[in-house]
Amino acid sequence: MAIGEPRPGYELWRPNREKASSRQMQAIVIALMLATAGICLVVAAGGWARLEGGGAIVISYVGLYLLFAYLVSRWRRGVLPVASALSIVLLIFALIAAPAWFARDKAGFDSPILPEPLLGILTLLIVPISILTIVAAMIGFNQEWHVEEERPVGSGPRNHGATA
């Protein structure tokens, strides 16, 4: 019998994934990551000409957050601490970048596609969303989504099998 395989007549069951609190936290983390990716994409598209080479970093954040949201939807809790760490870095970037968008709203500066005050507000909006992402990801990580138990086949309320 291979490691991670249930004994004959048994199935793997992940009880913590069936809890309402785990499902809610999974949905919250996914929503926060998608919101962050969306806001970053709008800021990158709206201010691309003025990001001074930082656009590639923003686009990589968008890609990573979309990937992490997908992985969390598949109950992969290992990305949650990484998402928290990246949210801390993004939070710092947003706190530094937001005042610069507001400072560009003066005569003599070339305007980006979107108005500078809007880009500044969107950048500031990343701050509370990042804080919420950090908190939600750590709560989700502590919910033990990875715990597996064996139970006789068909004995539970739902038959998840080994692939759930």
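Read-outs: derived from the displayed coordinates by stated rules, not from any lab. Quantities reported herein were computed from a predicted structural model and do not represent experimental measurements. Using ideal geometry, Cβ is built from the backbone for each residue, glycine included, and neighbour counts are taken over all protein chains shown.
Observations
- In this simple spin-label approximation, VAL153 and LEU124 carry label points 7 Å from Cα along the Cα→Cβ vector, and these lie 6.1 nm apart.
- Taking other C-beta atoms within 10 Å as the exposure proxy, THR123, THR36 rank THR123, THR36 from fewest upward.
- Value of relative contact order over the stretch 33-142, rounded to a whole percent, pairs C-alpha under 8 Å and six or more apart: 37 percent
- Computed from phi, the 3J(HN,Hα) profile of the stretch 55-65 under the Karplus parametrisation 6.51, -1.76, 1.60 (θ = phi - 60°) reads x, 5, 5, 5, 5, 5, 4, 4, x, 5, 5 Hz, with x in place of Gly and Pro.
- Rough spin-label spacing in nm, given labels placed 7 Å along Cα→Cβ, for ILE131 and GLN24: 2.1 nm
- Cα-derived Rg over Rh, computed across the stretch 33-142 with Rh taken as Kirkwood radius: 1.02
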